[in-house]
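FYI, it's all coordinate maths here, none of it is from the lab. These numbers were taken from a predicted model, which means no experiment stands behind them. Every residue, glycine as well, gets a Cβ built from its backbone with ideal geometry; the counts of neighbours run over all protein chains shown.
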Amino acid sequence: MPESATTTPGPAAEGPREDTPLLEVRGVTKAFGSGRRRLTALDGVDIEVGRGTTLGLVGESGCGKSTLARVLLGLERPDAGTVRFDGTDPFALRGKELLAWRRRVQMVFQDPFASLNARMSAADLIGEPWRTHRDVVPGAGAREKRIRELLDLVGLRAGDAHRYPNEFSGGQRQRIGIARALALDPDLVVCDEPVSALDLSVQAQVLNVLSDLRTRLGVTYVFISHDLSVVRHISDRVTVMYLGKVVEHGETDEVFETPRHPYTAALMSAAPVLHPGGGSRREEIQLRGEIPSPFDIPSGCRFRTRCPRAEEQCASEAPPAAARGTADGGEPHTALCHFPLAAGSSWA
Amino acid sequence: MTTTSPPTRSDADTPALDVEGLCVELSTPSGTVRAVDGVSFSVRRGRTLALLGESGCGKSMTALSVVGLLDPAAAVTGGAVRVRGDDTLRMSPAQRRRLAGPVLSIVFQDALTALNPVQPVGRQIGEPFRIHRRLSRRQAREKAIELMTRVGIPEPRQRARSYPHQFSGGMRQRLLIAMAVALAPDVLIADEPTTALDVTVQAQIMRLLRDLQDERDMAVVLITHDLAVVAQRADDVVVMYAGTVVENGPVRDVFAAPRHPYTRGLLDSVPEDSVRGRPLPAVPGSPPELSAVPAGCVFQARCPLVRERCVRERPVPRPAGEGRSAACHFSEELDRA
Ligand SMILES: Nc1ncnc2c1ncn2[C@@H]1O[C@H](COP(=O)(O)OP(=O)(O)OP(=O)(O)O)[C@@H](O)[C@H]1O
Ligand SMILES: Nc1ncnc2c1ncn2[C@@H]1O[C@H](COP(=O)(O)OP(=O)(O)OP(=O)(O)O)[C@@H](O)[C@H]1O
Ligand code: SF4
Ligand code: SF4
Ligand SMILES: [Mg+2]
Ligand SMILES: [Mg+2]
């Protein structure tokens, strides 16, 4: 990968291998613990992210999003399945090649408090990756300048460079995490709830920066967020997960406007909407039942214990993973369901 | 003990929490700066007050002052914090400890660091019952499992034995909430309690808070940047900017017709009909550095209505309609815009 050695990021949208997605994940499975306490956090997950595009990843708390993110970063080795980044398996890389790959893939961690070393100043934290990847920004002067630029990008001040994590507010720490992830000019950034602690205005500023990097440099994102309006704004495609499985995938507007999987429909309906000046809100589909135990996943379709459309078949047979329906442009829109909602049909 | 205390004469009209003119100063290498500057608000039992404002404006610091858990670099230098009429700033540490849990409780913003990494979560959640209710280890454990069920942790019995790192981000946040509401406090301060939660779980937590509020007539201070949650859940709102309160009043009225230019800018940032790829609206500029807060209005550098008087004179909160106030010299002009 010659391009990984240069200071400019890898191929933009019109790169030479445009036809292959930048990231391809097939059948990834990951379990924690053993015996009765074995918990399958990911169960045969497939995702695909095209160069310079953004994939939104949504799903109930505990469904495996952060675990998947850690697999994408090579921080967690899957029990089964494959990860392909630009055609190569990152888990097979060693030495120099592994280092070069690590530079290209960065993460904004979900927990801005726990993920920052309390003994390092903001400048140290942002510049730390350059100690390993020396050629990205060579020279002390250039580094100092770059740190100022990165702080400015995320709405912090040059004067903040010498402060320590405990001297920042929650949202300010989250932004240090973002600046740090951008320090190596990565090709892929996995953002795990990157703007959850930010007020709307600062959130808008950060999202605008991310979009701008995509347009200018072709950066690719996997964007995990529970905030559906943010996901809708930033993503080209959306993948919905439930209890370790992908249950729906499609082009963003398609998924938001005509969700096919009953879980997606419920998720969309539960999003609080702001109507300045009061007024009624959308009908919420309240899911009945408890979130099933990840130690004891229901037979057949794993959503059946809470699904208002469930029928006998749902308990006996796992729904086929095959694509159900395509959007107008021919883009696949898949739902892991025996009885998906038809486009435009009403609930249940 | 709180459940049995008979209602005293003042109960009906004494707010559960009353913060008056709170000032917090920070010592930094470049001198002392004021992070919270004269913040006042009060919450009655059974009511929810939302604290809104830009990242870094002093919300968490206000919350931590109320519960007496400020960072050593920070100190309360003025004002009063009254819980059920008693000034907590003048209490001894022992008196404060008795308050923490059954009377006043907080959900911290940082879910992971607030949990003890080397103790099973069931034990941590059960702890308040052992300390304040003198329950046995087994009874406390049952209480913990009950609470874990209420915040929607699947298989609570089994997972009570797990350690914090074995839970997802949103689950840890729910564990903290379980711990904070364990003893059904009179006043609950929740600092971004649902930021890491998907909407269905968020709705569940908000229902739990509402149920507790109904059962126990709890007063809630909700710190969140999620305006939709504020609109749905809160009765009143306090909007902060650079350590000061710039506007307050009933949520409905404030959201329908803000009386401070910052509040209006914030409401205008809602990405409602945003088009993908198009920049989102943001309030241009950034807040003043704490060491260089201007003499006049704190919002002057970013305010579209700014004029000469704003630079000269700091606006004080003025009545701005029924139960409302705003700290802007020209708040009336927003009415017409
Ligand atoms: N190290 C671990 N040991 C045991 N279980 C784990 C571990 N890490 C994660 N899990 C479990 O795996 C499941 C998926 O966790 P993950 O963090 O991926 O969820 P998530 O989708 O990111 O949730 P959230 O939205 O709450 O952050 C959860 O049930 C969690 O408890
Ligand atoms: N120890 C410290 N030294 C210097 N400044 C500090 C220190 N602790 C906090 N600050 C500053 O005090 C201000 C108030 O912080 P606070 O945590 O109250 O903000 P917040 O409103 O909760 O923000 P957020 O929404 O991002 O959590 C911030 O600007 C922060 O940078
Ligand atoms: S397969 Fe059955 S239970 Fe599962 S989502 Fe579809 S209708 Fe519901
Ligand atoms: S006082 Fe002046 S600068 Fe401040 S908010 Fe009002 S109009 Fe704007
Ligand atoms: Mg997570
Ligand atoms: Mg805070």
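Quick notes on this one:
- Taking label positions 7 Å along the Cα-Cβ direction at both residue B:311 and residue B:40, the computed distance is 3.0 nm, reported to one decimal.
- Selected from A:294, A:259, A:320 as most flexible by GNM, with chain A as the system and alpha-carbon contacts under 10 Å: A:320
- Förster-model FRET efficiency, 51 Å R0, residue A:91 and residue B:214, C-beta, rounded to 0.05: 0.45
- When only alpha carbons are used to place a centre, the range B:243-315 and the range A:203-217 end up 23 Å from one another.
- If the convex hull is drawn through the Cα atoms of the range A:20-235, its volume per residue in Å³: 133
- Counting only residues at least eight positions apart within a chain, or on another chain, the aspartates and glutamates with an alpha carbon under 16 Å from that of residue A:145 are A:124, A:128, A:135, A:160, A:185.
- Taking amide H positions as modeled 1.01 Å from N, with prolines and chain starts lacking one, the residues under 5 Å from residue A:23 and 5 or more places away or on another chain are A:49, A:86.
- Positive minus negative residues near residue B:266 (Lys, Arg vs Asp, Glu; Cβ under 11 Å): -3
- Length-normalised contact order for chain A - Cα pairs under 8 Å, 6+ apart - percent: 19
- Part-to-part distance (alpha-carbon centres) for the range B:101-136 and the range B:173-222, which is given in Å: 14
- Peptide B:226-238 has a mean of 3 when you count, residue by residue, the C-beta atoms of other protein chains within 10 Å of its C-beta.
- Among beta bridges that DSSP assigns inside chain A, antiparallel share in %, nearest 5: 55
- Comparing B:187, B:36, B:293 in a Gaussian network model of chain B where C-alpha atoms under 10 Å apart are linked, the largest mean-square fluctuation is found at B:293.
- Degrees between helix A:140-153 axis and first principal axis of chain A (Cα, 0 to 90, nearest 10): 40
- Between the helical axis of A:200-217 and the longest alpha-carbon principal axis of chain A there is an angle of about 80 degrees.
- Angle between chain A longest axis and helix A:95-104 axis [Cα atoms, degrees, rounded to 10]: 70
- Residue-count net charge about residue B:32 - beta-carbon cut-off 15 Å; Lys, Arg +1, Asp, Glu -1: -4
- Alpha-carbon centroids, the range B:145-163 and the range A:52-129: separation in whole Å: 29
- Per-residue ellipticity at 222 nm computed for the protein assembly as shown from its helices equals -8500 deg cm²/dmol, with DSSP H segments shorter than 4 residues left out and the rest contributing -39,500 (n - 2.57).
- The mean count of C-beta atoms from other chains within 10 Å of the C-beta of residues in B:55-63, rounded to a whole number, is 4.
- Inter-chain shielding of B:198-208 (mean C-beta neighbours from other protein chains, 10 Å cut-off): 6
- Distance between the pseudo-spin-label points of residue B:91 and residue A:164 (7 Å out from Cα toward the beta carbon): 3.0 nm.
- Computed over chain B, relative contact order equals 19 percent, with contacts defined as Cα pairs under 8 Å that lie 6+ residues apart.
- Using a Gaussian network model of chain A in which every pair of alpha carbons under 10 angstrom is joined by a spring, one finds that among A:194, A:298, A:138 the greatest mean-square fluctuation is at A:138.
- Fraction of beta bridges assigned by DSSP in the protein assembly as shown that are antiparallel (%, nearest 5): 60
- Residues residue B:235 and residue A:316, FRET efficiency given R0 of 41 Å [Cβ-Cβ distance, rounded to 0.05]: 0.25
- At 1.306 mPa s and 10 °C, Stokes D of chain B from Kirkwood alpha-carbon radius, µm² per second: 75
- Bridgeable lysines around residue A:30 (alpha carbons under 23 Å apart, same-chain partners fewer than 8 residues away excluded): A:65, A:245.
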